[in-house]
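To start, the structure itself, in structure tokens.
Only the coordinates and a few stated rules stand behind these numbers; no lab work does. Worth saying up front: this structure is predicted, and the values here are computed from it rather than measured. Ideal geometry is used to build each Cβ from the backbone, glycine not excepted, and the neighbour counts take in all protein chains shown.
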Amino acid sequence: MGGSVDVKREAAGILDRLGVPRDAWTGGAMASFTPVTGERIGALHPVSAEAAAGRIEAAHRAFLDWRLVPAPRRGELVRLLGEELRAAKDDLGRMVSIEAGKIASEGLGEVQEMIDICDFAVGLSRQLYGLTIATERPGHRMMETWHPLGVVGIISAFNFPVAVWSWNAALALVCGNAVVWKPSEKTPLTALACQAVLERALARFGGAPENLSQVLIGDRAAGEALVDHPRVALVSATGSTRMGREVGPRLAKRFARSILELGGNNAAIVCPSADLDMALRAIAFGAMGTAGQRCTTLRRLFVHDSVYEQLVPKLKAVYAGVSVGNPLETPALVGPLIDRAAFEGMQQALRAAKAEGGAVAGGERVADAGRDTAYYVRPAIVEMPRQSGPVLEETFAPILYVMRYTDFDAVLAQHNAVSAGLSSSIFTLDIREAERFLSAEGSDCGIANVNIGTSGAEIGGAFGGEKETGGGRESGSDAWRAYMRRATNTVNYSNALPLAQGVSFDVG
Ligand code: UN1
């Protein structure tokens, strides 16, 4: 396993190369850690509440200028960001592995997701279309115009420390907004790295208003400053449902907008006709990828009785054999949990599952994969007699609960009988089952897939979910609309003043 000097030195080298000043992450009061070894790698300077407010005001001033820059020109900034991200991909991907514990391929994949959303946003910068609407009055024209919104706040979680920022920032910037980002306290260094990459793009762009993008390094207080500041028009928050329950009402209280992307308790159904080899691979990636710490992670698996004995023993063998280890030094498929709290939460859920009659395989700490401050675990697969107890909740760890089913209607009901509604999958070659799953009476999630796992969505679609997942949509499709304000414009080019609905109001 890697020595402390190595990880620290490597992180320092990356931050230096990307142009993050050393005094931004050394000598401060806020420690940052790597889950790879559990050691401290940064000492950052948390922003005070006053300083946070000052930065938000500065971002607002930047917005006042940026909103007047033509959208395709704003797109040029995001195009340059995409270029800089391409150049920084290896370093930034590695930094994600160091700070979030992702395996190399997933760290790089996350940066690719950033590049993809930049490409999308560049195209979008010429497509912020409004409708032209038929009016009932002669000599009139009615249309919609989309205008920039203001300062957009971004609160992101440790598990996608850079991609979620980029979904929001790339769209917000082409839509004419300024952005202020409060990254997770667990991944502040990757945030500084991203900001440095954006600053390179800003330097090449030339002439963008100063303070167009800001980072608030800090704890909860920094997030609260963002949520409560009257200049922040929209907060896009990714994290736990508990966080969303606090942030949502606070934003609503001051009539600010929110995009909430909260917990998931994602399920897959394996039907009698499923391609079981394909299902096996998709389940393995969905449930064990990112060590079970994606909001799209597969957590519940319903397997038809007729294929259960063919699939589940194979799945258990994959779980028993999957390589768990240091993502910086080994070709392991499963890296560490983010911290001790995550490990304890996992053990607690496994105890609760046993108490509900679950048969647990795996879940134990993999002692030789790191030092005692790092938390590597063998992913757990738990055969449950029914959907109860911890199965109904999201535990941010690699636990897959497996249940048998016989009746399709009943399994659909079970599928939807949890409080979150993010992602879902069905494995079937039967078109009736597939289409019912996607229909109004099928999956109640924001993402519903056929013969694809629950995680690993592309940026082109709108990303988010229903119920306690929060209802927000980020990324592709028409998610951009949430980052703009809509004006309905009616123009009268006639000599008369006809009133709508035939109302007469003759003042003589
Ligand atoms: C998250 O876990 O917050 O669909 C985002 C996926 C990724 C994004 C996950 N593209 O798994």
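General observations
- Tail fraction, Cα-Cα pairs, segment 112-236, threshold 27 Å, whole percent: 26 percent
- Peptides 69-75, 488-494, 220-226 ordered by average Cβ neighbours within 10 Å, highest first: 220-226, 69-75, 488-494
- Förster radius 45 Å - calculated FRET efficiency between Leu438 and Arg61 (Cβ-Cβ, nearest 0.05): 0.45
- Per-bin percent of Cα-Cα distances, segment 1-79 [10 Å]: 15, 28, 26, 23, 7, 0
- Remark: segment 320-383 projects, on average over all directions, an area of 4.3 nm² (convex hull of Cα atoms).
- Taking every DSSP helix (H) stretch of at least 4 residues in the chain, weighting each as -39,500 (n - 2.57) and dividing the sum by the residue count yields a mean residue ellipticity at 222 nm of -13000 deg cm²/dmol.
- Taking every Cα-Cα distance in segment 443-508 and sorting them into 10 Å bins from zero, the calculated P(r) comes out as 15, 30, 15, 13, 17, 9, 2 percent.
- Directionally averaged projected area (segment 87-155, Cα convex hull): 7.7 nm².
- When you filter the trypsin sites (Lys or Arg not before Pro) in segment 231-262 for DSSP loop state and at most 12 other Cβ atoms inside 10 Å of their Cβ, you are left with Arg254.
- Three semi-axes of the equivalent ellipsoid, segment 277-420, Cα gyration tensor, whole Å, largest first: 26, 17, 13
- Computed over segment 356-429, Kirkwood Rh from alpha-carbon pairs, angstrom: 14.4 Å
- Across the options Ala332, Met95, Leu192, the greatest Cα extent toward the positive end of the charge dipole of the chain (unit charges at beta carbon of Lys, Arg, Asp, Glu) belongs to Leu192.
- DSSP-defined beta bridges in segment 369-476 - what % are antiparallel, rounded to 5: 35 percent
- With Cα atoms, 0 to 90° folded angle of helix 163-174 axis to the chain main axis: 10 degrees
- Cα lying deepest toward the dipole's positive end in the chain, options Met384, Val318, Ser443, charges on Cβ: Ser443
- Projected area averaged over orientations for segment 237-276, convex hull of C-alpha atoms, nm²: 4.2 nm²
- For the chain, relative contact order (Cα pairs under 8 Å, six or more residues apart, normalised by length) works out to 18 percent.
- Length-normalised contact order of segment 360-508 in % [C-alpha pairs under 8 Å, at least 6 apart]: 14 percent
- Cα shape, the chain, gyration tensor, a/c 1.5 rule: oblate
- Calculated on C-alpha atoms, the gyration radius of segment 262-349 divided by its Kirkwood radius gives an Rg/Rh of 1.00.
- DSSP-defined beta bridges in the chain - what % are antiparallel, rounded to 5: 35 percent
- Listed pairs Lys8/Lys253; Lys314/Lys467; Lys102/Lys354 exceeding 32 Å between Cα atoms: Lys8/Lys253; Lys314/Lys467
- Take every Cα pair under 8 Å whose residues are at least 6 apart in sequence, average their separation, divide by the length of segment 151-254, and the relative contact order is 37 percent.
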